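Each remark here refers to the structure printed beneath this line.
The values are calculated or read from the model by the stated rules, or taken from the named source; none is laboratory data. Just so it is clear, the structure is predicted and the values come from calculations on it, not from any experiment. As a convention, Cβ positions derive from the backbone with ideal geometry for all residues, glycine included, and neighbour counts pool all protein chains shown.
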Amino acid sequence: MRTNREIRVARLKWDSIGEYRHLHDHIPEQNVKHIIQAGYTELQIFLLDDLLIMLTELDPSQALPDRVIDEQVEKEWHEKTGRCFESEWQQVDTIFDLQQLLNKG
């Protein structure tokens, strides 16, 4: 099965950048477990000024079908991180893909 790669962008509130970094420096183990069990093989977040750029790679074949999600842990994480955002995550469009170009020929 093909790995799905996505890039998303969002904006942080200027006065919340430090808090957002702090939250990710102390991400709960349960949240990491949820990410892995969902089939994510890569998840990176980059910061330029107040612009967040997130790269994810999801391999559906790696997802655990009977995974149990701790809804309270997820809710708390999204509430804490959500307070830091000026604008929510948005998926970006690909305008050039070298591999796709090479595979055409």
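A residue that is closer than 23 Å to I95 by Cβ, among the basic types (K, R) and not in a helix (DSSP H, G or I) occurs somewhere in segment 7-16. Taking the criterion of being within 22 Å of I69 (Cα to Cα) and part of a helix (DSSP H, G or I), the residues of segment 21-52 that qualify are L23, H24, D25, E29, Q30, N31, V32, K33, H34, I35, I36, Q37. For segment 31-54, what are the residues that are in contact with a Lys or Arg (Cβ under 7 Å, 6 or more places away or on another chain) and either more than 18 Å from W77 (Cα to Cα) or polar (S, T, N, Q) (or both)? Correct list: Q37, D50, L51. Any residue at all in segment 1-12 that's at pLDDT below 95 and touching a helix residue (DSSP H, G or I) at 6+ places or on another chain (Cβ under 7 Å)? Yes, there is a match, as at least one residue in segment 1-12 is at pLDDT below 95 and touching a helix residue (DSSP H, G or I) at 6+ places or on another chain (Cβ under 7 Å).
Residue pairs whose Cβ atoms lie under 6 Å apart, separated by 6 or more positions or on different chains, with the first residue in segment 74-93 and among the small types (G, A, S) and the second part of a strand (DSSP E or B), are S87/A10; S87/R11. Mind counting the residues in segment 70-97 that are outside any helix (DSSP H, G or I), touching a helix residue (DSSP H, G or I) at 6+ places or on another chain (Cβ under 6 Å) and more than 20 Å from S16 (Cα to Cα)? So the answer is 1. Per the listing N31, N103, the residue uniquely over 15 Å from T3 (Cα atoms) and surrounded by 11 or more Cβ atoms within 10 Å (Cβ to Cβ) is N31.
Filtered by the rule that a residue be assigned to a helix (DSSP H, G or I) and without any contact (Cβ under 8 Å) to a residue 40 or more places away in the chain, segment 53-69 gives a lone residue, Q62.
What do you reckon, is Q37 over 18 Å from E86 (Cβ atoms), surrounded by fewer than 15 Cβ atoms within 10 Å (Cβ to Cβ), in contact with a Leu (Cβ under 9 Å, 6 or more places away or on another chain) and not acidic (D, E)? For Q37, the condition - over 18 Å from E86 (Cβ atoms), surrounded by fewer than 15 Cβ atoms within 10 Å (Cβ to Cβ), in contact with a Leu (Cβ under 9 Å, 6 or more places away or on another chain) and not acidic (D, E) - is not met.
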